[in-house]
Amino acid sequence: MPISSLQAGKALCVISGDSLSNLEMQKILYIAHMLYLGLDENKDDPEPLINEKFQAWEFGPVAPTLYHHIKSFGARKVSRGAFFTVVGIKSNSEQYKVLKFAYEMLKDKSVRELVGITHWEGGAWAKSYIPNSRGNTISNKKILQELRDRQSSTR
């Protein structure tokens, strides 16, 4: 069952020890969402990690509810206190495990590198982004196709 972007944000705060900015959290959440979609390779319409569509904004894919919830932090690190009313997810759930895997994989990347990853030419964001526009959704189908394209380009 999909979780909310706020639950994912709370989990990322816990996993990272409150070491992520809003921008970093958005990038890691997007990659985790992509990986989660790819867990069942045989499905063309797999269950998503979060129950919200990502949007293609200037600096990459954004889960708008999460963004607006923590935008007051600006470029500072987000603390889990921002999510005190949000119900957490269990650390043994598949969702938590994928979030942790994505964090561990990306934790040493700079903000510039994270933006580069999510702005991949031919990827879901690049296919959905319209300059000076917000609200353009990135379909899970495009995100899953990006994962498959990335996997085939590394073989």
Share of accessible surface on carbon and sulfur in the chain, whole %, 1.4 Å probe and ligands ignored, is 52
Please give the per residue accessible area of the range 29-155, computed with a probe of 1.4 Å over protein heavy atoms only, in Å². 59
Which of Gln26, Gln95, Gln145 ends up with the largest GNM mean-square fluctuation for the chain, with Cα atoms connected below 10 Å? Gln145
Rg and Dmax of the chain, Cα atoms only, in Å: 14.4, 44
FRET efficiency, 1/(1 + (r/R0)^6) with R0 30 Å, evaluated for Ser21 and Glu47 via beta carbons: 0.60
Here are some pairs, Lys71/Lys142; Lys27/Lys141; Lys77/Lys127; Lys43/Lys107; which of them have Cα atoms lying more than 21 Å apart in this structure? Lys71/Lys142; Lys77/Lys127; Lys43/Lys107
State which stretch of the chain is the longest one without any exposed GluC sites (Glu not before Pro), exposure meaning a DSSP loop state and at most 15 other Cβ atoms within 10 Å. 59-120
Sorted by packing (mean other beta-carbon atoms within 10 Å per residue), highest first, where do 3-10, 59-66 land? 3-10, 59-66
Starting with the highest mean, order 71-77, 130-136 by the number of other Cβ atoms within 10 Å, averaged over the residues of each peptide. 71-77, 130-136
For the range 88-134, take N as its residue count and report Rg(C-alpha) divided by 2.2 N^0.38 Å. 1.51
Lys and Arg at +1, Asp and Glu at -1: add these up for the other residues within a Cβ distance under 13 Å of Lys90 and post the number. +2
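The values are calculated or read from the model by the stated rules, or taken from the named source; none is laboratory data. Just so you know, these numbers come straight off a predicted model, no measurement behind them. Note: ideal-geometry Cβ built from the backbone for every residue, glycine included; neighbour counts use all protein chains shown. Ligands, DNA and RNA are excluded from the accessible area calculation, which covers all protein heavy atoms including side chains. Shrake-Rupley method; radii C 1.70, N 1.55, O 1.52, S 1.80 Å.
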